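The values are calculated or read from the model by the stated rules, or taken from the named source; none is laboratory data. In this text the structure is predicted, and so the values were computed from the model without any measurement. Neighbour counts are summed over all protein chains in view; Cβ atoms, including those assigned to glycine, are modelled from backbone coordinates with ideal geometry.
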Amino acid sequence: MQKLTPQGQNLVNDLSARYNLSADAVIHMIIAVNNGGGTMAQFNSPELGGGGQWMQGGMTMVGDMFNNGLKNTVDNLCSEISNALLTTEVFPVIPAGTPGSNQWWPTDLGVPFSSGVQNNSRYAVFPNRLAVDNNGQITVYDTLDHNVGGVSQQQGGNNSLTFSSQYGTIAVSTLPIISGQGEAIPAPQTNFAEPVTVEPAPIQTAPIVEPAYQEIHTQENKSTDDIIELIEKLSKLNTAGALTDDEFNNKKSELLSRI
């Protein structure tokens with residue numbers, strides 16, 4: 001059971017008797033209201049219908065949403081607890097900067113811009129820092145260039161914390177950790193394969209063939225005059241260096257054999 005001061009124990013005994021609740025249920029509600037700064041509470045008490053929320057001013061939600069009597073009980077109980085917390089030292093004073101204290105964040109962070117509670121987590125926002133108390137485990141994050149708004153806890157399998165920023169809704173786990181045991185930033189992932197450099201295939205170029213030589217090479221069954229004319233063209237190609245002496249002589253012999 002939560003340790004109480006004598007005044008706190010008297011408060012629990014009084015509320016327990018008047019609301020017909022167990023001492024554990026009353027202490028659970030006192031802690032919930034205390035964590036909400038005296039103006040709100042998120043609780044989960046079987047004696048009060050399971051999970052629910054209370055906010056000072058009349059907004060009360062209980063598991064049995066149509067049970068107005070239960071809503072009134074929760075509202076009256078939380079209002080009394082809120083008033084008592086203003087004048088009564090219910091719990092022994094816990095040094096600032098330690099779990100269980102209303103000032104649970106590290107003292108060197110100073111005074112937060114805003115703070116709140118969401119389910120089993122508390123948060124406090126400071127210049128360039130976000131402190132989170134998750135079930136007594138305190139982690140301080142670097143908020144980078146984010147203008148942090150409210151912090152909320154996603155409902156679902158992982159109950160991950162998010163905060164509102166000028167960039168939209170951001171997961172707290174993506175922030176760099178200054179201290180504590182919060183979730184580390186995962187290594188950047190990509191769904192794209194590394195680019196592969198492909199060397200271009202060498203361009204195959206056909207050997208340059210002079211039109212005259214190509215014509216000569218394809219000549220078949222030419223007349224004697226045509227063959228002599230072709231030999232003269234071959235000679236000019238040989239003189240110009242387009243044909244070697246061997247190429248000229250071989251082709252010349254081939255053409256002469258046709259006469």
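Yes/no per residue for (1) among the small types (G, A, S); (2) over 24 Å from Q103 (Cβ atoms):
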residue: A25; (1), (2): yes, yes
residue: M29; (1), (2): no, no
residue: Q42; (1), (2): no, no
residue: P46; (1), (2): no, yes
residue: M55; (1), (2): no, no
residue: V62; (1), (2): no, yes
residue: L70; (1), (2): no, yes
residue: T73; (1), (2): no, yes
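The set of residues in the stretch 1-28 being part of a helix (DSSP H, G or I), over 37 Å from the mean Cα position of the chain (by Cα) and crowded, with 17+ Cβ neighbours inside 10 Å consists of G8, L11, V12, L15, Y19, A25, V26, I27.
Let's see how each residue does on (1) of a type in the set (K, R); (2) in contact with a Ser or Thr (Cβ under 7 Å, 6 or more places away or on another chain); (3) assigned to a helix (DSSP H, G or I); (4) surrounded by 14 or more Cβ atoms within 10 Å (Cβ to Cβ):
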position	(1), (2), (3), (4)
I30	no, no, yes, yes
G38	no, yes, no, yes
N44	no, no, no, yes
L70	no, no, yes, yes
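Is it the case that E183 is under 21 Å from V117 (Cβ atoms) and either modelled with pLDDT under 85 or not in a strand (DSSP E or B) (or both)? The answer is yes for E183. Within the stretch 1-30, being closer than 21 Å to G57 by Cβ, aliphatic (A, V, I, L, M) and free of Cβ contacts under 8 Å to residues at least 60 places away in the same chain holds for one residue alone: M29.
Here is a check on your reading of the model: is G52 over 22 Å from N13 (Cα atoms), modelled with pLDDT of 90 or more and either crowded, with 19+ Cβ neighbours inside 10 Å or under 34 Å from the mean Cα position of the chain (by Cα) (or both)? Lay out the reasoning, then the answer.
Working: over 22 Å from N13 (Cα atoms): yes; modelled with pLDDT of 90 or more: yes; either crowded, with 19+ Cβ neighbours inside 10 Å or under 34 Å from the mean Cα position of the chain (by Cα) (or both): yes.
The answer is yes for G52.
Would you confirm, using the coordinates I've provided, whether E80 is free of Cβ contacts under 8 Å to residues at least 60 places away in the same chain and more than 37 Å from the chain's Cα centre (by Cα)? Judged against the criteria, E80 is not a match.
Figure legend. Inter-residue proximity from the stretch 48-67: first residues more than 21 Å from G37 (Cα to Cα), second residues acidic (D, E), beta-carbon distance below 9 Å, spacing 6+ or different chains. Indicated pairs: G49/D64; G50/D64. Looking across the stretch 208-249, the residues that are of a type in the set (S, T, N, Q), exposed (fewer than 13 other Cβ atoms within 10 Å of the Cβ) and modelled with pLDDT of 70 or more come down to T224, T239, T244.
When residues in the stretch 55-64 are screened for being surrounded by 16 or more Cβ atoms within 10 Å (Cβ to Cβ) and among the aliphatic types (A, V, I, L, M), 1 of them pass.
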